[in-house]
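Remarks on the structure that follows.
The values are calculated or read from the model by the stated rules, or taken from the named source; none is laboratory data. What you see is a predicted model, and the numbers here were worked out from it, not measured in a lab. Cβ placement follows ideal geometry from the backbone for every residue including glycine, while neighbour counts extend to all protein chains displayed.
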Amino acid sequence: MEDPDFVYKIVLLGESGVGKTSLVQRYVYDSLSPEMAQTIGAVLHVKTIPLEDGNYKLIIWDLGGQESFRQLREQYCANASGAFFVFDRGRPETLGSIDRWMESLYASAGEVPVVVIENKIDLKPVFDAKDIQAEIDKRRLSLMQTSATESMNVNQTFEEMVRTIRGGKS
């Protein structure tokens, strides 16, 4: 592929075990490891994709969700072009931490576009879709639903992030 026209840094935020690493593995490598280890600190991945208006190089930072990495995480968020906040549809408490993650992101990167990902949609939900949408609407964010296991909406979610960054929307 030719040189990229644009380079974007995208960070994945959220509690441990919500599927951030699985989403990145599915998107970048189109595979999943059956024995995925917990992310310690941050892991960097790169993927270049062609879209309608050019080639985009995505520098994707998969950030560990443990509280002990909070200071490092804020450093990793610096200069981000956009961010995903990922929560697990089977664990309501993972959506409940969104404000803490957003404060951390905005303190480091400013008001960058954020897309909320409801991950593991192949599993039975444990809370009402209206409650989820109310939380997202309250923060004026957009919501995508994905399953890394079933490869549902993963590529579309990353492409939507690129379009959102490109359009300057949040």
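Below is a table of values for the structure above.
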quantity	calculated
Qualifying residue in the range 109-120 (condition: surrounded by fewer than 21 Cβ atoms within 10 Å (Cβ to Cβ), at negative phi and among the small types (Gly, Ala, Ser))	yes
Of all residues in the range 18-34 being touching a strand residue (DSSP E or B) at 6+ places or on another chain (Cβ under 7 Å) and more than 12 Å from Lys47 (Cα to Cα), the one that is surrounded by the most Cβ atoms within 10 Å (Cβ to Cβ)	Lys20
Flag for Tyr56 being among the aromatic types (Phe, Trp, Tyr), buried (at least 16 other Cβ atoms within 10 Å of the Cβ), modelled with pLDDT of 95 or more and not in a loop (DSSP other than H, G, I, E, B)	yes
Members of the range 104-152 that are among the hydroxyl-bearing types (Ser, Thr, Tyr), out of contact with any Cys (no Cβ under 6 Å at 6 or more places or on another chain) and assigned to a helix (DSSP H, G or I)	Ser104, Tyr106
